[in-house]
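In what follows, a single structure is set out as structure tokens and then discussed.
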């Protein structure tokens, strides 16, 4: 007890604080979330995401080289396509010569040592903005899974390292794993968005990919209820059984309890997604002078590591890497 015990003793100097630091944040913990576009020339700022641009393929190649130079291990691709290519079923997602396959090849040619993670979902490609095929007003689970299988195979054929189903359809991890194995893609990893919540934090992202104005209704019939914590255990257990190599919690900061629960329960890498709304809030507060933007950025990223996340997908990745690299 005090005064023999003084917890401030180890806090008094930089060297002692570093010596007893429980968690560390490194560039190897970051995945760069990028929006690639077939209409940007070469960059198109996203108003709702200050500092984030939609990138042309040429600009994407430059970004991949930057990621490699900064030590960022992987990039996660999210597409923004010409609205004229969208339809009710999201058929452009199944175009082997489409934007995403081209983006995969662009990154691999520019920076072969940077991993490529691809979103497997139909919402960037549908006129209604939902993650699947509609049956009336309802997203049809099994019909959607069939499209997701084909989408994942196309991405794997193009050289994607990690396919990341973010749709929250039942059974899609097992179906995709079986298809990948059958096609000889034994080493293609699956990152399952296993605990993806029906959140209000996705708004700026939907602006970035052009689905915000298209979305009809909401996604509560397939994304998880923000009130539910125990349900994620069932979702993750099923996805691991079906062949997921890693699992995702999305959004990030409002769901750190979920990150902690999953890392304490399952022996698989758990990633967190610092989503667009989280990024935009930090940027907006910093722009108004209410917070120190860099400090809060790094503090927020550290919170994921403290909760147990193996890595964080974030729009802050290059900025954070520069700060961490000094």
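The values are calculated or read from the model by the stated rules, or taken from the named source; none is laboratory data. Note that this is a predicted model, so its numbers are computed, not measured. Positions of Cβ are backbone-derived with ideal geometry, glycine not excepted, and every protein chain shown enters the neighbour counts.
Structure above, values below:
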item: Sole residue being surrounded by 15 or more Cβ atoms within 10 Å (Cβ to Cβ) and in a loop (DSSP other than H, G, I, E, B), chosen from 193, 222, 205; result: 222
item: The stretch 110-123, subset surrounded by fewer than 20 Cβ atoms within 10 Å (Cβ to Cβ) and out of contact with any helix residue (DSSP H, G or I) (no Cβ under 7 Å at 6 or more places or on another chain), residue farthest from residue 181 (Cα to Cα); result: 112
item: Odd one out for residue 99, checked against (1) more than 17 Å from residue 150 (Cα to Cα); (2) touching a strand residue (DSSP E or B) at 6+ places or on another chain (Cβ under 8 Å); (3) in contact (Cβ under 8 Å) with a residue 60 or more places away in the chain; result: (1)
item: So residue 87, is it more than 21 Å from residue 44 (Cα to Cα), surrounded by fewer than 21 Cβ atoms within 10 Å (Cβ to Cβ) and touching a helix residue (DSSP H, G or I) at 6+ places or on another chain (Cβ under 8 Å); result: no
item: Among (1) within 26 Å of residue 286 (Cα to Cα); (2) in contact (Cβ under 8 Å) with a residue 40 or more places away in the chain; (3) touching a helix residue (DSSP H, G or I) at 6+ places or on another chain (Cβ under 9 Å), the one test that residue 28 misses; result: (3)
item: Every residue from the stretch 169-192 that is closer than 30 Å to residue 44 by Cα and touching a residue at least 60 places away in the same chain (Cβ under 8 Å); result: 191
item: Selected residue (only one of 101, 79 is under 20 Å from residue 64 (Cα atoms) and not in a strand (DSSP E or B)); result: 101
item: The stretch 124-143, residues that are in contact (Cβ under 8 Å) with a residue 60 or more places away in the chain, part of a loop (DSSP other than H, G, I, E, B) and surrounded by 24 or more Cβ atoms within 10 Å (Cβ to Cβ); result: 124, 130, 131, 132
item: Total residues in the stretch 41-55, condition surrounded by fewer than 20 Cβ atoms within 10 Å (Cβ to Cβ) and either out of contact with any helix residue (DSSP H, G or I) (no Cβ under 6 Å at 6 or more places or on another chain) or in a loop (DSSP other than H, G, I, E, B) (or both); result: 9
item: Long-range neighbours under 7 Å by Cβ, at least six apart or interchain, first residue on the phi > 0 side of the Ramachandran plot and modelled with pLDDT under 95 within the stretch 289-313, second part of a loop (DSSP other than H, G, I, E, B) and surrounded by fewer than 18 Cβ atoms within 10 Å (Cβ to Cβ); result: none
item: Checklist (1) in a loop (DSSP other than H, G, I, E, B); (2) within 26 Å of residue 231 (Cα to Cα); (3) at pLDDT 95 or above applied to residue 113, failing item; result: (2)
item: Inter-residue pairs, beta-carbon under 9 Å, first at positive phi and in the stretch 36-59, second surrounded by 19 or more Cβ atoms within 10 Å (Cβ to Cβ), 6+ apart; result: 51/279; 51/283; 51/315; 51/316
item: Exclusive hit being under 30 Å from residue 261 (Cβ atoms) and surrounded by fewer than 22 Cβ atoms within 10 Å (Cβ to Cβ), set 235, 146, 150; result: 235
item: The one condition in (1) under 17 Å from the mean Cα position of the chain (by Cα); (2) closer than 23 Å to residue 325 by Cβ; (3) not in a loop (DSSP other than H, G, I, E, B) that residue 68 fails to fulfil; result: (1)
item: Qualifying residue in the stretch 278-301 (condition: within 15 Å of residue 233 (Cα to Cα) and in contact with a helix residue (DSSP H, G or I) (Cβ under 6 Å, 6 or more places away or on another chain)); result: no
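Residue-wise test of (1) within 21 Å of residue 201 (Cα to Cα); (2) touching a strand residue (DSSP E or B) at 6+ places or on another chain (Cβ under 8 Å); (3) part of a helix (DSSP H, G or I).
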position	(1), (2), (3)
284	yes, no, yes
294	yes, no, yes
301	yes, yes, yes
313	yes, yes, no
323	no, no, yes
326	no, no, no
